[in-house]
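What follows is a short report on a single structure.
The values are calculated or read from the model by the stated rules, or taken from the named source; none is laboratory data. In this text the structure is predicted, and so the values were computed from the model without any measurement. FYI the Cβ positions are ideal-geometry reconstructions off the backbone, even for glycines, and counts take in every protein chain you see.
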Amino acid sequence: MAEPKFTMDVGNDGVAIIKFSNPPVNALSIQIFAGLKEKWNEAAKRNDVKAIVLTGSGGKFSGGFDINVFEKVHKTNDVTLLHDISIDLMTNVMEDGKKPAVAAVEGLCLGGGFKLALACHAHIAAPRTQLRLPDLRLGVLPGYVGTKHPPRLIGLSKSVEMMMTSKPIMSEEGENLGIIDVVVLSTELLKVARQWALDIIESRKPWDVDMVIEAVIENIPLKQQIFTDLEKVCPPHCILASNTSTIDLNIIGQKTRSQDQIIGAHFFSPAHVMPLLEIMRMKKTSVKIILDLMAVGKTIKKVPVIVGNCTGFSTNRTFFPYTQSAHFLANLRADVYRIDALITSFGLPIGPFQIQDLAGYKVAVVVGKEYRSAFFDRVFTSKLLDLLIKREQNGKNNGKGYYIYKKGEKPKPDPTVLLII
Ligand SMILES: C[C@H](O)CC(=O)SCCNC(=O)CCNC(=O)[C@H](O)C(C)(C)COP(=O)(O)OP(=O)(O)OC[C@H]1O[C@@H](n2cnc3c(N)ncnc32)[C@H](O)[C@@H]1OP(=O)(O)O
């Protein structure tokens, strides 16, 4: 075999093309991993490099890990030959890199080569490129990022099929499945990959998204602490989202320096059923973070709607006066069950008091506190919930609320509630 070679050409547009060569099939030896790591670190440090394109030479991306090394390991039992530099390269250097990377693959993209491509943020392929995880055929489990990225990109069943059968798929099928972003002519491969990298930098295309969603109870100091901690451990491109339904994001992010990364991702209960995803942006939230969250929302088949930032955002700002009106009427001695019945006969699936039972009263109490502090001159304060909590009623989660909940039975009004009113 000829000596492995690496080149890095940095264009005026800030895209570094890193090319590796190890004829005949660009097999991944320890020298290749070490050389790629060196080039990647150089690209990460250089101010004139904004993004990276990774490609193999000679019309082949890579035939995978150097199988001669496997043979040596089998013969000698010396597992140190399988140096962990490859894992370090793919997970710590490439995946955690702060600059977007695009893989331009053609011909062969097998085993470790496929995983090397998957560790990049986007994947462009030439026609009829072979994508394959042949690891099991060699008696090893697909390592590196091989069990992590395929399930995220093409779902569990197709990934397991690829891993268990070691059968290849072609780049055209990969594009249909979503593991390849686009298939382009071999002559266009580098041009398209380069433009893709620039589009990621300019926020015209999303990165593979890193995202954290905070979903603790509506408690300001707790949320602030969580975001201060997240800022220390998450990379700068990571979406730092809060599932708050109510608290102003400026307050949540007040103690961080990462306000451009902070955004609201309000999933509606029950989150696995309700399609709406309310995306709340602050003035400082970056366009890239908004676009990335939109892409995540669409990927998980939600309906993302972008709204501005204020206490209650858009849905709870509308919903809260509705609940308040119901409580106002109850305080005028209207029958809570009649209110719920009228609302359901109007066409809503359940009434305001039953919704409160489902959400639990603790949520209603903390949310009410936020509204009182933000809109103190226009909030009606009812004692009803406090009185119910004193009677150890907390809605559906302890079976006792405005309604009585028993397994297998429809909720029944609790007539003693009317006595309190
Ligand atoms: C942990 C990691 O994720 C583990 C992995 O990466 S597992 C995946 C390891 N890779 C593989 O299993 C691929 C094995 N190779 C093949 O299937 C086929 O060789 C191929 C499809 C790449 C090419 O097939 P074909 O065009 O018919 O050429 P073929 O004659 O087989 O190979 C050409 C040369 O490349 C060498 N070669 C192919 N793959 C190689 C590899 N992965 N490592 C080292 N050498 C390899 C062959 O030994 C041969 O060398 P020679 O000319 O000196 O005899």
For a quick check of your reading of the model, give me the residue pairs whose first member lies in the range 96-114 and is more than 21 Å from residue 166 (Cβ to Cβ) and modelled with pLDDT of 95 or more, whose second is assigned to a strand (DSSP E or B) and of a type in the set (Val, Ile, Thr), with beta-carbon atoms closer than 6 Å and at least 6 apart or on different chains.
101/52; 102/53; 104/53; 104/55; 104/124
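The rows are residues; the columns are (1) surrounded by fewer than 17 Cβ atoms within 10 Å (Cβ to Cβ); (2) of a type in the set (S, T, N, Q).
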residue	(1), (2)
179	no, no
182	yes, no
186	yes, yes
206	no, no
233	yes, no
244	no, yes
248	no, no
254	yes, yes
Taking the range 115-140 and keeping residues under 27 Å from residue 199 (Cβ atoms), touching a strand residue (DSSP E or B) at 6+ places or on another chain (Cβ under 6 Å) and within 10 Å of the ligand (Cβ to nearest atom) leaves 130
Looking at the range 391-404, can you tell me whether even one residue there is free of Cβ contacts under 8 Å to residues at least 12 places away in the same chain and under 36 Å from the mean Cα position of the chain (by Cα)?
yes
Kindly list, by first and then second residue, each pair from a residue in the range 124-146 that is assigned by TED's automatic domain parsing to the domain that holds residue 167 and within 13 Å of residue 183 (Cα to Cα) to a residue that is near the ligand (Cβ under 7 Å from one of its atoms) and outside any helix (DSSP H, G or I), limited to pairs with Cβ atoms under 8 Å and residues at least 6 apart or on different chains.
129/108; 130/108; 130/110; 131/110
Just checking: which of the strands (runs of 3 or more DSSP E) contained wholly in the range 154-273 hold 3 or more residues that are in the same structural domain as residue 300 (by TED's automatic domain parsing) and touching a Ser or Thr at 6+ places or on another chain (Cβ under 8 Å)?
262-267
Candidate set: the range 136-149, residues that are outside any loop (DSSP other than H, G, I, E, B) and out of contact with any Leu (no Cβ under 7 Å at 6 or more places or on another chain); chosen: the one modelled with the lowest pLDDT
138
Taking helices (runs of 4 or more DSSP H) that fall entirely within the range 281-365, which contain at least 2 residues that are surrounded by 15 or more Cβ atoms within 10 Å (Cβ to Cβ) and over 21 Å from the mean Cα position of the chain (by Cα)?
315-331, 336-346, 352-359
